[in-house]
Structures are given as C-alpha cells and as structure tokens.
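As structure tokens, the structure follows; a few thoughts come after it.
Derivation of every value follows stated rules applied to the coordinates shown; laboratory data play no part. All values reported here derive from a predicted model rather than from experimental measurement. Glycine gets a Cβ as well: all are built from the backbone with ideal geometry, and neighbour counts include every protein chain shown.
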Amino acid sequence: MINNKRRLLLQGSLTAGALGVAIGAGLLTPHSVLAAWPEKAFKAKAMPEMLMELMGVDGVEESGDIQIKAPDIAENGAVVPVTITTNIAGAESIAVIAVNNPAPLIASYDLGEGTEGFVSTRIKMGKSGDVVAVVKSGGKLYSARKEVKVTIGGCGG
C-alpha cells in the first residue's frame, strides 16, 4: 500500500527546494512591480513645489465639491482618521497634505477611470494645522482644507 503522507512530504520538499533555488538565483525578485516613488514631492516643504513634482501643476483652486472628514481635536497625532470624498467628475488623483508636518505630503492616490472619489486613511500629524485634500481632474487642481488641533504630537512631538 502507498503511503500518501510520504508522497505529499516529498512533493512539498521538492517544491520548496525549487522555490528556494529560484529566489536565491534572483529569478523571483519583484523588480517591475514596485510602486513609483515621487521622492522629490515627498521631500518638498512648499506646497506649490510639491504639487508641481507630484501632479505636474501648481495652481490650486478652492472647491466645495471636496469634503474632508477629520476630527476637530485629535487626542493623539500618531493616528488621525481622515476621509476625503469628492464629487468632481473625472477625478484622476487625490493627495493628502498635513501642512505643519516636517514632510507635508502624506499620501497620493491615483484613481482609475470610473473610480469613486473616496479615500479613507489614518495620518500622522506632528502638531496642529490644516489637513489639505488636493484633487486633480482635467489637468486642474482643486483643494479643500480642514483645521485639526492635535493634543499629543505624532511626529516625535
């Protein structure tokens, strides 16, 4: 009688060995699947420079079609929940900026065609200041801001 457990063990061992050799040889490294990293935008301190590096445009227009849901007072700046919703047609991307942070650009989300303009995340804020949402649509930038007061800083404060 054939022992199925032994056969399964040998098959798993051979598979793991082949996988280990492929990884060791560099055949399974994720060179082409890494996300693009706009390093200059994340290091920029001024908003116009940041937006030019990130979105290719620096002129921003205030819009009532962008809603930011964030607490008025955040007890802990290390975890500030932020939700951004937009009704702007053809929204291509949404950027989240904490103006008074050492690195103001928090995140940038590229939206696919037909995607709902909605982003929800938790951000880190070093001190009280404005949270700004910037939406790119049709080659133009639209923004909204909300003041958030932080009682305990999250960026080393």
### Query
When Lys and Arg each count +1 and Asp and Glu each count -1, what net charge do the other residues less than 11 Å away from residue 151, Cβ to Cβ, add up to?
+1
### Query
Picking from 139, 17, 77, which is most flexible by a Gaussian network model of the chain using Cα springs under 10 Å?
17
### Query
Normalised by the residues of the stretch 39-150, what does the relative contact order come to in percent, with Cα pairs under 8 Å and at least six apart?
32
### Query
How big is the stretch 68-125 on each of its three principal axes, counting only the C-alpha atoms and giving the largest first in Å?
36, 21, 13
#### Entry: Stretchable slack from residue 72 to residue 49, in nm (0.36 nm times residue separation minus alpha-carbon distance)
5.5 nm
### Query
Which net charge results for the neighbourhood of residue 117, defined as the other residues with beta-carbon distances under 11 angstrom from its beta-carbon, given Lys and Arg at +1 and Asp and Glu at -1?
-2
### Message
Give me the extension gain from residue 21 to residue 42: residue separation times 0.36 nm, minus the current Cα-Cα distance, reported in nm with one decimal.
### Response
3.8 nm
#### Entry: Phi to ³J(HN,Hα) by Karplus 6.51 cos²θ - 1.76 cosθ + 1.60 over the stretch 45-52, Hz, x for Gly, Pro
9, 9, 5, x, 5, 4, 5, 5
### Query
For the stretch 46-99, what is the convex hull volume of the alpha-carbon atoms per residue, in Å³?
108
### Summary
Only helices counted: for the chain, with every DSSP H run of 4 or more residues adding -39500 (n - 2.57) and the sum spread over all residues, [θ] at 222 nm is -7000 deg cm²/dmol
### Summary
Out of 24, 137, 85 - ranked by how far each Cα lies towards the positive end of the dipole of the chain, with unit charges on the beta-carbon of charged residues - the top one is 24
### Task
Just grab the label-to-label distance for residue 57 and residue 3, each label 7 Å out from Cα along the Cβ direction, in nm (one decimal).
7.0
### Query
Of 14, 141, 111, which is the most mobile in a GNM of the chain whose springs link Cα atoms less than 10 angstrom apart?
14
### Query
Just the C-alpha atoms of the chain: what Rg/Rh do they give, with Rh taken as the Kirkwood radius?
1.23
### Query
Which number gives the lysine pairs in the stretch 39-150 that have C-alpha atoms under 22 Å apart and are eight or more places apart or on different chains?
22
### Query
What list of ³J(HN,Hα) couplings, whole Hz, do you get for the stretch 125-130 from phi and the Karplus terms 6.51, -1.76, 1.60, once you set θ to phi - 60° and write x for glycine and proline?
10, x, 7, 4, x, 7
